[in-house]
Amino acid sequence: MWQTLINIWKTPDLRKKILFTLAMLVVFRVAAHIPLPGVDAESLRKLFSGNQILGLLDLFSGGTLFNFSIVALGLNPYINASIIMQLLTMVFPKLEALSKEGEYGRRKINQYTRYLTVPLAAVQSIGMITLLQQSQFQVLTDVSPFNFAALVITMMAGTVFLMWIGELITEMGIGNGISILIFAGIVGRLPVSFGQTAAVFDPDNALNILFFLVLGLAVLTAIVFINEGQRRILIQYARRVRGNKVYGGQSTYLPLRVNQAGVIPIIFAVSIILLPGMIATYFANATTPWVASTAQAVSAFFNNTVYYSLVYFLLVIAFTYFYTAVTFNPQKIADEIKKYGGFIPGIRPGRSTADYLSYILNRTTLAGAVFLGSVAVLPFIAKDVTGISTLALGGTGMLIVISVVLETMKQLRSMLIMRNYEGFLK
């Protein structure tokens with residue numbers, strides 16, 4: 001492994017890409033510590049310590065929301081815009097045709113995604129500032145119309161700035177820039193968590209901390225196992241004779257990943273589950289009695305760990321099936337296999353192949369959905385069992401971090417293979 005890293009560093013273009021990526025990460029972390037004006041940091045920390053919804057938002061913002069910095073929204077608007085565009089591509093034939101036009105189509109869709117990010121950032125920034133205004137803590141010290149507009153514009157600019165940095169990393173650095181920034185934000189919070197745990201360390205809690213470490217190692221192993229797990233379906237191609245040449249007669253595998261949807265269902269579930277709580281917080285102090293009581297009841301429901309975790313778990317499972325159904329079309333795959341003369345041994349081409357793929361996909365998706373749901377609610381369960389809140393075992397954060405590391409290593413492996421460096425990967 002160390003020899004592999006040394007050889008990577010000796011390669012000039014790879015070394016340049018790595019240094020550029022590190023430089024952009026430094027810029028990102030510096031921006032994450034520049035606070036917005038008129039924010040009481042102590043009140044903000046108190047608000048985050050008692051609100052698990054904001055904790056989830058902070059996770060997907062890359063740790064920038066906790067400081068309420070100039071990039072407080074993080075990449076949430078861009079991620080939401082990307083998901084919306086991906087779904088629209090499945091719905092509108094023109095966008096689907098555009099996505100198949102190679103590099104040109106990809107650039108156009110990315111451009112539409114950037115355009116959609118700006119209004120989403122405006123809506124989310126207004127919602128976030130309004131949520132902080134309605135909280136019981138005086139987080140914002142000055143909420144005059146001018147300062148309100150300045151905060152919204154600054155947060156929008158911060159999202160666009162991070163989006164630009166992410167695309168620069170993708171183009172000139174290593175890995176997917178957006179994923180790398182989220183990875184850096186999650187990892188950047190680890191020293192803070194360890195420091196807070198060390199500050200309040202009690203020998204009586206040593207066993208609970210050890211349990212956290214063992215559980216973290218087990219979750220890490222499970223994430224790698226599930227993330228790389230796949231069901232391989234044998235595809236056999238019939239021999240075809242054209243003139244004096246024989247074509248086909250080979251076999252290959254169609255991989256069906258256990259975690260076909262990645263971390264997208266968790267992002268979907270977070271977006272849905274945050275909405276009722278945020279609306280309820282806004283109307284909790286309404287002058288109409290029944291509106292205020294209803295809002296307080298909704299807030300109490302989502303602040304209950306058991307109910308919140310159950311709803312979160314079920315939403316993740318539902319969105320896993322939904323996203324897998326949108327991105328993987330068994331009938332289309334079956335038609336492609338039939339078109340090129342392939343078949344699954346023992347299964348007739350066409351409709352029977354599509355039914356067989358659906359049968360296998362539903363069962364592998366169930367395992368992946370239950371796994372994602374368990375990972376999503378794991379931090380809440382671990383917190384209630386051990387009573388330790390400073391050392392948060394973020395299963396979703398670990399999933400994102402491990403996925404980014406695996407994808408980046410695959411990209412490095414591809415680059416090394418392209419350069420024909422023998423022995424790098426031994």
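The values are calculated or read from the model by the stated rules, or taken from the named source; none is laboratory data. For clarity, every value in this text was computed on a predicted model and none was experimentally measured. Because the Cβ atoms are built from the backbone with ideal geometry, glycine has one as well, and the counts that use them run over all protein chains shown. When the accessible area is computed, the model is the full protein with side chains, heavy atoms only, and any ligands, DNA or RNA have been set aside. Shrake-Rupley method; radii C 1.70, N 1.55, O 1.52, S 1.80 Å.
Here is how the numbers come out for the structure above:
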| quantity | calculated |
| --- | --- |
| Among residues of segment 80-95, those that are in contact (Cβ under 8 Å) with a residue 24 or more places away in the chain and touching a helix residue (DSSP H, G or I) at 6+ places or on another chain (Cβ under 6 Å), counted | 5 |
| Pair list, Cβ < 6 Å and 6+ apart or interchain, from segment 348-377 residues that are without any contact (Cβ under 8 Å) to a residue 60 or more places away in the chain to residues that are of a type outside the set (A, V, I, L, M) | P349/K338; P349/F343; G350/K338; A354/P330; A354/Q331; S358/P330 |
| Some residue of segment 255-271 being out of contact with any Ser or Thr (no Cβ under 8 Å at 6 or more places or on another chain), assigned to a helix (DSSP H, G or I) and under 30 Å from I235 (Cβ atoms) | yes |
| Residue satisfying all of: in segment 269-295; modelled with pLDDT of 80 or more and among the polar types (S, T, N, Q); surrounded by the fewest Cβ atoms within 10 Å (Cβ to Cβ) among these | S293 |
| Residue within segment 301-312 that is in contact with a Ser or Thr (Cβ under 9 Å, 6 or more places away or on another chain) and either at pLDDT below 85 or crowded, with 18+ Cβ neighbours inside 10 Å (or both) present | no |
| Subset tally (residues that are at pLDDT 85 or above and open to solvent by less than 40 Å² (accessible area, probe 1.4 Å)) for segment 359-382 | 9 |
| Selection within segment 231-248 - at pLDDT 85 or above and of a type outside the set (A, V, I, L, M, F, W, C) | R231, R232 |
| Every pair of residues 6+ apart whose Cβ atoms lie under 6 Å, when the first sits in segment 322-347 and is open to solvent by less than 60 Å² (accessible area, probe 1.4 Å) while the second is in a loop (DSSP other than H, G, I, E, B) | Y323/A261; T324/Q260; T324/A261; G341/A238; G341/G248 |
| Qualifying positions in segment 249-266 - among the aliphatic types (A, V, I, L, M) and open to solvent by 20 Å² or more (accessible area, probe 1.4 Å) | L254, V258, V263, I264 |
| Any hit, segment 340-353, residues being assigned to a helix (DSSP H, G or I), of a type in the set (K, R) and modelled with pLDDT under 85 | no |
| Extreme residue, modelled with the highest pLDDT, among residues of segment 24-83 that are within 22 Å of L275 (Cβ to Cβ) and hydroxyl-bearing (S, T, Y) | Y78 |
| Unmet requirement for F301, which otherwise passes all of (1) assigned to a helix (DSSP H, G or I); (2) at positive phi | (2) |
